[in-house]
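Participant: Below is the structure I would like to discuss, written out as structure tokens.
The values are calculated or read from the model by the stated rules, or taken from the named source; none is laboratory data. Fair warning: this is a prediction, and the values are worked out from it, not measured in the lab. Neighbour counts run over all protein chains shown; Cβ positions are idealised from the backbone, glycine included. When the accessible area is computed, the model is the full protein with side chains, heavy atoms only, and any ligands, DNA or RNA have been set aside. Shrake-Rupley method; radii C 1.70, N 1.55, O 1.52, S 1.80 Å.
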Amino acid sequence: MIIEQLKIYFEYPFVRYALIVGVLVALSASLLGVTLVLKRFSFIGDGLSHVAFGVMAIASVLKLTNSILLMLPVTIICAVLLLSLGSGTKIQGDAAIAMISVGTLATGYLIMNRFAKNSNLAGDVCTTLFGSTKILTLSQIEVYISIGFSILVIAVFLVFYNKVFAITFDEDFAVATGVNVKVYNLIISIVIALVIVLAMNLVGTLLISALVVFPVVSAMRLFKSFKAVTVCAVIFSIISTILGILISIIAGTPVGSTIVAMDVLGFFVFCLLGFFIRKA
Amino acid sequence: MFQLSCENLVLGYEGRVVINNLSFRVTAGDYLCIVGENGSGKTTLMKTILGLKTAMSGHIELGPDITTKDFGYLPQQISAQQDFPATVKEVVLSGCLNHSGLRPFYTKADRQLAETSMVKLSISGIASHRFAELSGGQQQRALLARALCATQKILLLDEPVSGLDMKTTADTYDIVAELNKEGTTIIMISHDINMAVQYASHILYVIGPEAVYFGSTKDFLSSNVAANLSPGGKGF
């Protein structure tokens, strides 16, 4: 019966779009999650998504038709700044992330509150923060942008896979042996910003970290090579996103929260599996 | 021919000078041991040579046929976290990165080099083990194999035996001596002066910011520095 119901839903193009975009974005987020989690930058996703939220507030006040054109460059600049702040500055990386994160979130809300003409402000903010239905209301152009950027992110990760591993495992060694780490770090920062802006459509600002962190940490319960963890994280992310979107359509729950709930569930399943495998 | 030349180097951090006006040269095939007390700036010197830190002043010149890609490095500590998922093979292979340019994948030759390095350090049996689960000695061997993948020309080793038991320590020194015999230039930090005079061809002794001894091991042994150091002041 549920299958029948799903069949009907799949007749609608917006459901198909949501699934395609959702899977691609979740896939990109989990790929980057591997390097972010292992470099102890788990919260950068959170910080950057709040930056994107602040910029979106400004864009909506300025009545920009395509807010992504403003969001992307600003988020990229912040990503580069935050990732390079990790070393050699007076303010520590995690404190910098926290500052930028809450600073932009508060400013964004303040701007929306003061200047937005829309009567349903609370609803708008809630949608942006939790991404309740955004993924189901994507316009065709947004779908193409999301698909294009996701493919770009995946391609960059595949091409630079070995570099990403080396820099994540031991940046000093890479620098010492003459690898151009600065360039690769810059590329990684840009790609991270891309993923964050994309993921805002899927789960909303507050829940982005889930897409970045859960797949990797879950995969690490079961596998011990970098390659296996990466592959497993991607599969984990795809399955939990598909389940999340389907369940939310059938049960009428908010998409973002349902996906994250699936991530949490998956994590506990992997923990249990890991426990039994170690015992065996 | 010289591979590395440091002239009038001033090293330090946060405005405090730890080594002042240091000059020395390293020639192909040398085995240079950098010795000195903890905190005397040995690691800072090595990181400056590798470009991980900048000197307060002075010059570091590389030999005519040397680039930064000819350095292999064995750090004292790895910053990667304890549960990092990486097999020994993945770690060793990552040493090949510096000569792979923009190529996205490792070549057959790279994989062969990684294999040879692991055989040389007798860790091919644990190639698929997780790096983080290895013992200290095994981790050092894996990291040394990685350094060998990066280069066979110059190896910089920062206290490669710290925290190892006596047997593993002796093994490590033998491996390094063997590499040096095969033509690899060695620059090693150590606080074990007895070992240094036994293996090294040159000694760089950091006594204090203003007092650094540099010379061949033979000269070092007949110098006042060595006489003051050895038990009873009678020399080694």
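Participant: Roughly how tilted is helix B:108-120, in degrees to the nearest 10 and between 0 and 90, from the longest Cα axis of chain B?
Facilitator: It works out to around 60 degrees.
Participant: Moving to a separate point now. Take A:Leu81 and B:Ser128, extend 7 Å from each Cα along the Cα→Cβ direction, and tell me the distance between the two endpoints in nm.
Facilitator: My value for the distance between the label points is 4.8 nm.
Participant: Where does segment A:214-280 land on the Kirkwood hydrodynamic radius, alpha-carbon pairs, in angstrom?
Facilitator: 12.2 Å is the Kirkwood radius here.
Participant: Next question, about the same structure. What list of ³J(HN,Hα) values in whole Hz, one per residue of segment A:70-82 in order, does the Karplus curve 6.51 cos²θ - 1.76 cosθ + 1.60 (θ = phi - 60°) give from phi, with Gly and Pro shown as x?
Facilitator: 8, 4, 4, x, 5, 5, 4, 4, 5, 4, 4, 4, 5
Participant: I need the phi-derived Karplus couplings for segment B:164-169: 6.51 cos²θ - 1.76 cosθ + 1.60, θ = phi - 60°, integer Hz, Gly and Pro marked x.
Facilitator: Along segment B:164-169, the couplings run 9, 6, 4, 4, 5, 4 Hz.
Participant: Please check: in the Gaussian network model of chain A (C-alpha springs, under 10 Å), which one of A:Ser84, A:Ser225, A:Ser60 has the largest mean-square fluctuation.
Facilitator: In the Gaussian network model the winner is A:Ser225.
Participant: Just tell me how shielded B:142-150 is by partners: mean number of partner chain Cβ atoms within 10 Å of each residue's Cβ, no decimals.
Facilitator: So the per-residue partner count for this stretch is 2.
Participant: For chain A, treating each Cα as an identical point scatterer without solvent, what Debye log10 I(q)/I(0) comes out at q = 0.07, 0.12 1/Å?
Facilitator: Computed log10 I(q)/I(0) values: -0.26, -0.75.
Participant: Okay, next question. Looking only at other chains, what is the average number of their beta-carbon atoms within 10 angstrom of each beta-carbon in B:96-103?
Facilitator: 5
Participant: What span do the alpha-carbon atoms of segment B:98-187 cover on each of the three principal axes, reported in whole Å from largest to smallest?
Facilitator: 41, 31, 19
Participant: Tell me, in nm to one decimal, what length is gained between A:Lys227 and A:Phe268 on full extension, where the rule is 0.36 nm per residue of separation less the Cα-Cα distance?
Facilitator: Taking A:Lys227 through A:Phe268 to full extension adds about 12.6 nm, to one decimal.
Participant: Still on this model: B:Arg16 to B:Asn228: FRET efficiency via 1/(1 + (r/R0)^6), r the Cβ-Cβ distance, R0 35 Å, to the nearest 0.05?
Facilitator: About 0.85, to the nearest 0.05.
Participant: Apply the a/c threshold of 1.5 to the C-alpha gyration tensor of segment A:129-227 and tell me whether it is rounded, prolate or oblate.
Facilitator: prolate
Participant: In square angstrom, what is the accessible area per residue of segment A:167-278 with a 1.4 angstrom probe?
Facilitator: 36 Å²
Participant: Once you have a ≥ b ≥ c as the square roots of the Cα gyration tensor eigenvalues for segment B:139-205, tell me rounded if a/c is under 1.5, and otherwise prolate or oblate according to whether a/b is larger than b/c.
Facilitator: oblate
Participant: Let me ask something additional. Give the Debye-formula value of log10 I(q)/I(0) at each listed q (0.09, 0.10, 0.16, 0.21 Å⁻¹), with one equal scatterer per alpha carbon of segment B:1-150, two decimals each.
Facilitator: Debye curve over Cα of segment B:1-150, log10 I(q)/I(0) at q = 0.09, 0.10, 0.16, 0.21 Å⁻¹: -0.36, -0.44, -1.00, -1.27.
Participant: Let me ask another. For chain B, what proportion of DSSP beta bridges, expressed in % and rounded to the nearest 5, is antiparallel?
Facilitator: 50 percent
Participant: Here is a follow-up. Please give the calculated 222 nm ellipticity per residue for chain A, where each DSSP H segment of at least 4 residues contributes -39500 (n - 2.57) and the sum is spread over every residue; nearest 500 deg cm²/dmol?
Facilitator: -27500 deg cm²/dmol
Participant: Karplus couplings for segment B:9-18 from phi (6.51 cos²θ - 1.76 cosθ + 1.60, θ = phi - 60°), rounded to Hz, Gly and Pro as x?
Facilitator: 5, 10, 10, x, 9, 6, x, 8, 7, 9
Participant: Along the Cα→Cβ direction, 7 angstrom out, place labels at B:Val119 and B:Ser201. What is the inter-label distance in nm?
Facilitator: Once both label points are built, they end up 2.7 nm from each other.
Participant: Before anything else, pin down the relative contact order of segment A:128-230: Cα pairs under 8 Å, at least 6 apart, normalised by residue count, whole percent.
Facilitator: After rounding, I find 44 percent.
Participant: Further question on the same structure: Determine how many Å³ per residue the convex hull of the Cα atoms of the protein assembly as shown encloses.
Facilitator: Taking the convex hull of the Cα positions in the protein assembly as shown, it is 171 Å³ per residue.
Participant: What residue among B:Met56, B:Met46, B:Met118 shows peak mean-square fluctuation when chain B is described by a Gaussian network model with Cα springs under 10 Å?
Facilitator: Evaluated over chain B, the most mobile residue of the options is B:Met56.
Participant: How far is it, in nm, from the label point at A:Cys126 to the one at B:Gln76 when both lie 7 Å from their Cα along the line to the Cβ?
Facilitator: Here the answer is 5.7 nm between the modelled labels.
Participant: Tell me the mean residue ellipticity at 222 nm calculated for chain B from its helices only (DSSP H runs of n ≥ 4, each -39500 (n - 2.57), averaged over every residue, nearest 500).
Facilitator: Mean residue ellipticity, 222 nm, calculated: -9500 deg cm²/dmol.
Participant: Taking each residue in A:153-163, count the Cβ atoms of any other chain within 10 Å of its Cβ, then average. What number comes out?
Facilitator: 2
Participant: Turning to a different aspect of this structure: Rounded to the nearest 0.05, what FRET efficiency do A:Lys7 and A:Ile239 have when you use their Cβ-Cβ distance and R0 = 22 Å?
Facilitator: The computed FRET efficiency comes out at 0.60.
Participant: Would you grab the residues whose amide H sits under 5 Å from the one on B:Leu157? Only those 5+ places off in sequence or on another chain, please, with H modelled 1.01 Å from N.
Facilitator: B:Leu74, B:Ile187, B:Met188, B:Ile189
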